[in-house]
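This report concerns only the one structure given below.
The values are calculated or read from the model by the stated rules, or taken from the named source; none is laboratory data. Predicted model only: the values in this text are computed from it and were never measured. Note: ideal-geometry Cβ built from the backbone for every residue, glycine included; neighbour counts use all protein chains shown.
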């Protein structure tokens, strides 16, 4: 661009308007290129919208290639009060006769031996430490440090090292590997271990699993108690008058708190056992009280604010107990050790059992003050033939004495845990559940009945209505697809409506712009060869007979009552004769299925769905080659490359226009300067002649 532009001062002409008008003419080829670019972008977007429709149709094809679309089964029972059934698509069309059900499968149940409270009932929402005096048999609490370690095995089979600072309590350790509980044993060798056991070496503080059980990368979680101390340390980043230790149910005799680097209150403090106020005690150093501690929650309150930078160190033990439970389940014998803290309530203990993988649920009834244990699945899984389904350790003080589940006590014998026993098609058999599957049919036993009261018949047949609806839904999807494609390939093309330029948009209202643009976009895919070829091939896929080894009574679509609409304006939409299609489904469902999803190497052997899938994939591939996907770069498809070429041409032409405009301004500036000089000479001559 010129450094200086003279705009008609000498000539009196509107140079700027003249240059602008000249440049409008120069810009006409650029506008044509920009219009061409816009048309290409619209065409690309139209192609991609067609591909989206084809993608949705391909999903429908995938569903119609599944056997479930043609083998929907319906099941009827001659007595739904005692026996019902459902069937999957894998079930054969057949019938079953249940002549009697002598026993239903039940879950093992164990009721404790009586009320667990003494004179006053326990509050199941409050901590067991505080409620201990209300229990008929109080809990004998132990004191120690409680740790929870998560360890990733660094190699297969090697023992897992625990970081306990004291002697581990073998009765208070819960070990899980990859979420599965293991029974902790001592005093044996690795060779003696079963797959659900882990050996605790109390001297070396290691855990050893049975040979081949522990693999590199396995996650081992160990929650345990030992006779050492928990230690907490914290440097204050801001002044505070409160602190909370990480433990709960703090043992008053073992607790000590040290403060250093504070403006005041430095020293070591212990609990004054004589200052008890509920769960709150004074923290003292001799006769100096610096605050209080709630031993249930571990919360410490200081009388004076501790300064920033002060260091707090706490050393303490916690009150704890433990118990274990097990059960015989479909996955084998389970075992789980539970560690309880003094601040746990009975409800929290019950929740630990119910949320575990031991396969049991526990319930407390506040009215009777009793508990029950139920196995979470029905059936008899104790293959030993002796003993109960629910495993109680009679030497476990908490579960046997406190909660009164000791098997030796009267009235606590286990009930339930039985298999369902029945006679089906003349065969007397058993199942561990009242819901069981045989050859794709799921039976649901609801009541027992004798041979005299039976039999109950189960009939499995094809669900004609469901299969019909699946086919109808697919035909509707196809009709929607070809309607959309036909509307594009037959859309009117308006040659006189090009994309609007910026100058043209300024002269039109928003509504006029929208109407114009709609006309300009119309017909961009009219008579498109890719789409028309796709439609033609899909019609051929539908009407070419299917002849393969599985062909039956029906090998053409028209034989099922599915034909092309006689109205040519419908563009080849399919119509269904409902009665004829349902009749075909009932008479020969296998033949109907083969027509749609049959397989074969040759085109004529393939079912309609497989043919259509190939056609749709090829059509989508051709569209992708021409218009790409949203994730493609322009270099990966034809229209994109054309757009890149146009962009290069537009940039080059814009550079040329800049040069042309500069040339115009240079010429007019030179003209203005010449005229200015001529005017100056004329004025000088006039002045000279006028003075004579």
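Among the residues of region 602-620, write down those that are assigned to a loop (DSSP other than H, G, I, E, B) and over 19 Å from residue 70 (Cα atoms). Give the derivation first.
Looking only at region 602-620, we keep the residues that are assigned to a loop (DSSP other than H, G, I, E, B), and these are 602, 606-607.
Result: 602, single match.
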Which residue out of 148, 163, 158 is part of a loop (DSSP other than H, G, I, E, B), touching a strand residue (DSSP E or B) at 6+ places or on another chain (Cβ under 8 Å), outside the structural domain of residue 82 (by TED's automatic domain parsing) and in contact (Cβ under 8 Å) with a residue 12 or more places away in the chain? 163
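So, in region 280-297, exactly how many residues are under 51 Å from the mean Cα position of the chain (by Cα) and either in a strand (DSSP E or B) or surrounded by fewer than 18 Cβ atoms within 10 Å (Cβ to Cβ) (or both)?
Restricting attention to region 280-297, the residues satisfying the condition of being under 51 Å from the mean Cα position of the chain (by Cα) are 280-283, 291-297.
Restricting the remaining residues to those that are either in a strand (DSSP E or B) or surrounded by fewer than 18 Cβ atoms within 10 Å (Cβ to Cβ) (or both) gives 280-283, 291-294, 297.
Here the count works out to 9.
Test of understanding: among 52, 7, 68, 62, which residue is within 29 Å of residue 612 (Cβ to Cβ) and at pLDDT below 90?
Within the list 52, 7, 68, 62, the selection yields 68.
Take residue 661 and decide whether it is touching a residue at least 60 places away in the same chain (Cβ under 8 Å), closer than 30 Å to residue 31 by Cβ, assigned to a helix (DSSP H, G or I) and under 52 Å from the mean Cα position of the chain (by Cα).
Working: touching a residue at least 60 places away in the same chain (Cβ under 8 Å): yes; closer than 30 Å to residue 31 by Cβ: yes; assigned to a helix (DSSP H, G or I): yes; under 52 Å from the mean Cα position of the chain (by Cα): no.
For residue 661, the condition - touching a residue at least 60 places away in the same chain (Cβ under 8 Å), closer than 30 Å to residue 31 by Cβ, assigned to a helix (DSSP H, G or I) and under 52 Å from the mean Cα position of the chain (by Cα) - is not met.
Looking at region 487-519, which of the residues that are in contact with a helix residue (DSSP H, G or I) (Cβ under 8 Å, 6 or more places away or on another chain) and crowded, with 18+ Cβ neighbours inside 10 Å is nearest to residue 37 (Cα to Cα)?
We begin by selecting, within region 487-519, every residue in contact with a helix residue (DSSP H, G or I) (Cβ under 8 Å, 6 or more places away or on another chain); these are 488-489, 494, 497-501, 505, 508, 513.
Now drop any that are not crowded, with 18+ Cβ neighbours inside 10 Å, which leaves 488-489, 499-500.
Numbers: 488: 20, 489: 21, 499: 10, 500: 12 Å.
Across region 487-519, the extreme among qualifying residues is 499.
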Read through the list (1) under 34 Å from the mean Cα position of the chain (by Cα); (2) at pLDDT 90 or above; (3) surrounded by 14 or more Cβ atoms within 10 Å (Cβ to Cβ), then give the number of the only condition that residue 469 fails. (3)
Mind listing whichever residues of region 576-601 are loosely packed, with under 15 Cβ neighbours inside 10 Å, in contact with a strand residue (DSSP E or B) (Cβ under 8 Å, 6 or more places away or on another chain) and outside any helix (DSSP H, G or I)? 577
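Going by what's in this entry, would residue 552 be described as surrounded by 14 or more Cβ atoms within 10 Å (Cβ to Cβ), touching a helix residue (DSSP H, G or I) at 6+ places or on another chain (Cβ under 6 Å) and in a loop (DSSP other than H, G, I, E, B)?
yes
Can you tell me which of 246, 275, 256 is in contact (Cβ under 8 Å) with a residue 24 or more places away in the chain and either within 39 Å of the chain's Cα centre (by Cα) or more than 18 Å from residue 144 (Cα to Cα) (or both)? Explain how you work it out, then say what you get.
On the way: 275 fails: in contact (Cβ under 8 Å) with a residue 24 or more places away in the chain; 256 fails: either within 39 Å of the chain's Cα centre (by Cα) or more than 18 Å from residue 144 (Cα to Cα) (or both).
Result: 246 is the single residue among 246, 275, 256 that is in contact (Cβ under 8 Å) with a residue 24 or more places away in the chain and either within 39 Å of the chain's Cα centre (by Cα) or more than 18 Å from residue 144 (Cα to Cα) (or both).
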Could you pull out the residue among 339, 325 that is over 30 Å from residue 237 (Cβ atoms), in contact (Cβ under 8 Å) with a residue 60 or more places away in the chain and crowded, with 23+ Cβ neighbours inside 10 Å? 325
Scanning region 357-381 for residues that are surrounded by fewer than 19 Cβ atoms within 10 Å (Cβ to Cβ) and not in a strand (DSSP E or B), which turns out modelled with the lowest pLDDT? 357
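Residues are listed down the side, and each one gets a yes or a no for (1) at positive phi; (2) crowded, with 19+ Cβ neighbours inside 10 Å; (3) at pLDDT 95 or above:
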site	(1), (2), (3)
155	no, no, no
158	no, no, no
164	no, yes, no
170	no, no, no
178	yes, no, no
184	no, yes, no
189	no, no, no
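Answer with yes or no whether residue 101 is outside the structural domain of residue 392 (by TED's automatic domain parsing), in contact (Cβ under 8 Å) with a residue 24 or more places away in the chain and more than 30 Å from residue 280 (Cα to Cα). Steps first, answer last, please.
Details: outside the structural domain of residue 392 (by TED's automatic domain parsing): yes; in contact (Cβ under 8 Å) with a residue 24 or more places away in the chain: yes; more than 30 Å from residue 280 (Cα to Cα): yes.
Here the answer is yes, as residue 101 does meet what is asked.
Look through region 113-122, keep the residues that are touching a residue at least 60 places away in the same chain (Cβ under 8 Å) and in contact with a strand residue (DSSP E or B) (Cβ under 9 Å, 6 or more places away or on another chain), and return whichever of them is nearest to residue 341 (Cα to Cα).
From region 113-122, those touching a residue at least 60 places away in the same chain (Cβ under 8 Å) are 113-117, 121-122; that's our starting set.
This time we only want the ones that are in contact with a strand residue (DSSP E or B) (Cβ under 9 Å, 6 or more places away or on another chain), so: 113-117, 122.
Numbers: 113: 24, 114: 24, 115: 22, 116: 19, 117: 19, 122: 17 Å.
Filtering region 113-122 for residues that are touching a residue at least 60 places away in the same chain (Cβ under 8 Å) and in contact with a strand residue (DSSP E or B) (Cβ under 9 Å, 6 or more places away or on another chain), the one nearest to residue 341 (Cα to Cα) comes out as 122.
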Would it be correct to say that residue 324 is at pLDDT 95 or above and over 25 Å from residue 104 (Cβ atoms)? no
Within region 636-656, residues closer than 14 Å to residue 624 by Cβ and touching a helix residue (DSSP H, G or I) at 6+ places or on another chain (Cβ under 7 Å) come out as 637, 638, 639, 640, 641
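Determine, yes or no, whether residue 105 is under 37 Å from the mean Cα position of the chain (by Cα), within 30 Å of residue 380 (Cα to Cα), assigned to a loop (DSSP other than H, G, I, E, B) and at pLDDT 95 or above.
Values: under 37 Å from the mean Cα position of the chain (by Cα): yes; within 30 Å of residue 380 (Cα to Cα): yes; assigned to a loop (DSSP other than H, G, I, E, B): yes; at pLDDT 95 or above: yes.
Answer is yes for this residue.
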Here are 605, 647, 672, 661: which of them is closer than 30 Å to residue 463 by Cβ and surrounded by 13 or more Cβ atoms within 10 Å (Cβ to Cβ)? 605
Among (1) more than 39 Å from the chain's Cα centre (by Cα); (2) over 30 Å from residue 115 (Cβ atoms), there is one condition residue 178 misses while meeting the rest; what is its number? (1)
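Listed here are the residues, each with its yes/no results for (1) surrounded by fewer than 15 Cβ atoms within 10 Å (Cβ to Cβ); (2) closer than 25 Å to residue 163 by Cβ; (3) assigned by TED's automatic domain parsing to the domain that holds residue 145.
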| residue | (1), (2), (3) |
| --- | --- |
| 212 | yes, no, yes |
| 256 | yes, yes, no |
| 268 | yes, no, no |
| 300 | no, no, no |
